[in-house]
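A quick write-up on the structure given underneath.
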Amino acid sequence: MAKSQVELTAAEWKVIKAVWDAEPCTAPDMQLKLHKQTNWTYSTVRTLMDRMTAKGLLTAEKVRNVTLYRSVITRQQAQRNELLYTLKHAFNGALTPMLQCLIDTGNLSADELAELESLIKAKKKGTRRQ
């Protein structure tokens, strides 16, 4: 499985989000950052980060006696993979029912609906907005 197609666990999502906000970072820094949210010990965070390195989600560089971690995948890649996983598994690959589900939640603001309309119109015209 390519790095950009790796599916993240819930714990890995917590770690990668913290890494994105602070990279390069160390496991002790991440443990402190995540402690209130997770109550994880240093060894738990270090084990997670080492496993994420083995999966190709993070890189680890030893500088003197400190290991610096950096993300390999971007926020956009991770979000895209998560969305495609949900589309495949929860909606059998059918986009329209997934969008209908999102719209039916009633949580979309008028601005978000307008943005979706704009994206659809741009796609129909064959242009891609930046």
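The values are calculated or read from the model by the stated rules, or taken from the named source; none is laboratory data. Remember, predicted model here, so these are calculated numbers, not experimental data. A quick note on method: Cβ atoms are made from the backbone with ideal geometry, for glycine too, and the neighbour counts reach across all protein chains shown. Only protein heavy atoms, including side chains, enter the accessible area calculation; ligands, DNA and RNA are left aside. Shrake-Rupley method; radii C 1.70, N 1.55, O 1.52, S 1.80 Å.
Report whether or not GLU112 is under 24 Å from GLU12 (Cα atoms), surrounded by 10 or more Cβ atoms within 10 Å (Cβ to Cβ) and free of Cβ contacts under 8 Å to residues at least 40 places away in the same chain.
no
Which ones in the range 80-89 are open to solvent by 70 Å² or more (accessible area, probe 1.4 Å) and among the hydroxyl-bearing types (Ser, Thr, Tyr)?
Correct list: TYR85 only.
Go through (1) open to solvent by 70 Å² or more (accessible area, probe 1.4 Å); (2) not in a helix (DSSP H, G or I) for GLY93 and report which single condition fails.
(1)
Only residues that are open to solvent by 60 Å² or more (accessible area, probe 1.4 Å) and over 17 Å from THR9 (Cβ atoms): list them for the range 68-79, please.
ARG70, THR74, GLN76
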